[in-house]
Each structure stands twice: as structure tokens, then as C-alpha cells.
Amino acid sequence: MQAMFTVTPVRAFTDNYIWVLQDGDAAVVVDPGDATPVNHFLHQQQLRLEAILLTHHHADHTGGVAALQQTWPNLPVYGPANISGVTHAVQEGSQITLSFAQALVMEVPGHTLDHVAYYFEKALFCGDTLFGAGCGRVFEGTPQQMLASLKKISQLPASTKIYPAHEYTLANLRFALAVEANNPVLAIRSSRDQALRERDQATLPSTLSLELASNPFLRTAQTSIQQAVAQYSEQPFSDEATTFALLRAWKNQF
Ligand code: ZN
Ligand code: FE
């Protein structure tokens with residue numbers, strides 16, 4: 001049982017969250033797309049940067065790595081091997097030992113082929129794979145790969161907190177309601193999350209249990225979702241992988 005660290009979102013660009021894990025004066029950042037707000041936060045909180053964790057190669061997740069390495073010499077950077085600046089390449093099953101916690105690496109391809117997630121006891125940093133009420137676009141992988149990655153995440157304990165890298169929840173909820181208008185959890189979540197955004201607060205972290213109950217991309221085995229997808233795409237009922245692919249395509253047009 002590891003002591004629980006605190007997690008704070010540092011905002012970057014329009015809707016990115018750079019999650020900062022901290023315990024005492026030690027900090028670890030996930031996906032620093034921009035070094036400036038990270039260094040500002042570390043300075044303000046008088047923290048020492050101990051490591052960087054990267055989920056995938058996109059610039060909005062990695063753009064601050066070089067500058068942070070300059071400010072913090074010998075900084076370990078964990079991530080997929082193809083990303084420049086990575087000092088500790090990770091893959092499925094890699095264990096990362098930080099001063100205050102341990103993480104397990106899960107490969108979750110789909111958004112990109114190199115995408116990984118970091119699982120701490122009861123917390124998952126999942127980059128652009130799973131979002132609040134949605135999932136990432138499938139840029140490099142196949143819909144089947146993305147579905148398999150989401151299924152893998154779905155196997156974690158339901159109480160796991162979910163820390164995606166973007167604040168996309170409200171737009172995702174609008175789509176989710178179009179797919180599954182009668183899901184009572186969606187109505188409750190929408191009003192709660194709208195109130196949070198009106199106060200300029202993050203809708204994240206979420207929990208896996210909430211995602212399982214309201215995120216259509218984790219619910220492609222449900223008849224309600226399969227029927228809605230079949231109706232929208234004017235295709236007969238098909239298997240879960242096809243349902244997922246059609247659902248993702250529908251979201252892209254939404
Ligand atoms: Zn991305
Ligand atoms: Fe991103």
C-alpha cells in the first residue's frame with residue numbers, strides 16, 4: 001500500500017492538463033507539453049522535479065521536455081522509446097519506482113501506436129486514450145486496437161481515478177447524450193460537469209466506475225449503444241469491434 005500523493009492539473013494551451021504528482025517537495029509531471037506553466041507551478045509550490053512521464057509522442061504532450069531537462073539536469077524521462085529526450089524507455093509491464101510511489105506501464109495503442117498509460121494504485125494517467133465521457137481519435141492504430149486498449153483499462157479496479165490529458169468532457173457528454181439519451185447517469189454527470197466548468201474547475205479526474213456507466217466508448221457491448229450506432233450508420237447490427245469503429249466515426253462527424 002503506497003502513501004497517496006496529491007495530483008494537481010497545470011493547464012497548458014487551450015485544454016491540456018499537465019498532471020503534477022507531488023509528495024512533500026518531490027514532484028513528477030505527466031506529459032509536459034509546455035515547460036513554462038510547469039516551472040511556474042514548481043517554483044510557486046517550491047517543488048523539486050524528480051521525473052517526467054510521457055504517454056505518447058504528440059507535441060502537446062512532449063513539447064516542454066527539452067526545456068525541463070535544461071532546468072533540471074539529469075532528469076529521468078520515462079516514455080516510449082521513440083520519443084526524443086526519453087532516458088528510460090518503457091513498455092508493457094515496466095515498473096517505475098519514484099521516490100513516493102510505483103507505477104506500472106500499460107501499452108494502450110490506438111490514438112498513436114506508441115501510446116502508454118501509467119497505473120498507480122488507484123490512479124491512471126491515460127494521456128489521449130480515455131477522456132472524460134470519450135476517447136481519443138484513432139490516428140495511428142486501428143479501431144480494434146483502441147477498443148482493446150479501452151477494454152484493458154476497463155479491467156482495472158472500478159474505483160481507479162482517471163486522469164486524461166485534455167478537458168474535453170462537456171463536448172464528449174453532448175455526444176454521449178446523442179447516443180444514449182436515456183442513460184440516467186449521463187444526465188447527472190452533465191449537470192455536475194457543466195456546473196464545474198461554469199466555475200472554471202476541471203471535470204477531472206473521473207473514476208473508472210463513472211466512465212463505465214456513462215462513456216459510450218466503454219459501453220459498446222450494451223444493446224442501447226449498438227442499436228443507436230446501427231440506426232445512425234444505417235447498418236444492421238454488427239459485432240462490438242464494428243460498433244466501436246462506427247461509433248468513433250460518428251463522433252468525428254458530430
Ligand atoms: Zn495526442
Ligand atoms: Fe493531446
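Given Cβ point charges of +1 (Lys, Arg) and -1 (Asp, Glu) and nothing else, what value in debye, to the nearest 20, does the dipole of the chain about its Cα centre take? Can you show the working numbers first?
On the way: 15 positive and 22 negative charges, 90 e Å.
The dipole magnitude comes to about 440 debye.
Compute the helix-to-body angle for 223-233: its Cα long axis versus the longest principal axis of the chain, expressed 0 to 90° and rounded to tens.
80 degrees
Going by how many other Cβ atoms sit within 10 Å of their own, how do ASP23, ASP15 line up, fewest first?
Values: ASP23 18, ASP15 13.
So the ranking, lowest neighbour count to highest, is ASP15, ASP23.
For the chain, find the longest principal axis of its Cα atoms and tell me its angle to the long axis of helix 143-154, 0 to 90°, nearest 10.
The angle comes out near 70 degrees.
May I ask for the distance between the Cα centers of the range 231-254 and the range 113-143, given as a whole number of Å?
20 Å
Stokes-Einstein D for the chain at 4 °C, 1.567 mPa s, Kirkwood Rh over Cα pairs, in µm²/s? If you can, show how the numbers build up before the last one.
On the way: Rh = 18.6 Å.
Translational D for this selection: 70 µm²/s.
Which ³J(HN,Hα) values in Hz, rounded to whole numbers, follow from the phi angles of the range 245-250 under the Karplus curve 6.51 cos²θ - 1.76 cosθ + 1.60, where θ = phi - 60° and Gly and Pro get x?
4, 5, 5, 5, 5, 4
Say a paramagnetic label sat at a point 7 Å from the Cα of THR36, along Cα to Cβ; which residues of the range 62-86 have their backbone N under 15 Å from it?
63-65, 67-68
Taking Cα pairs under 8 Å and at least six residues apart, what relative contact order does the chain come out at, in percent? Intermediate results must be reported in sequence, preceding the final value.
Values: 505 pairs, mean separation 34.0, N = 254.
About 13 percent, as a whole number.
With point charges of +1 on the Cβ of Lys and Arg and -1 on the Cβ of Asp and Glu, referenced to the Cα centre of the chain, which listed residue (PHE217, TYR78, THR14) lies farthest in the positive direction of the dipole?
With unit charges placed on the Cβ atoms, the residue in question is PHE217.
Could you give the angle, 0 to 90 degrees to the nearest 10, between helix 184-198's Cα long axis and the longest principal axis of the Cα atoms of the chain?
Compared with the principal axis, the helix lies near 40 degrees.
Rule-based calculations on the coordinates, nothing more; no lab input. As the structure is a computational prediction, the values presented were derived from the model and not from experiment. Note that we place each Cβ from the backbone using ideal geometry, even for glycine, and neighbour counts take in every protein chain shown.
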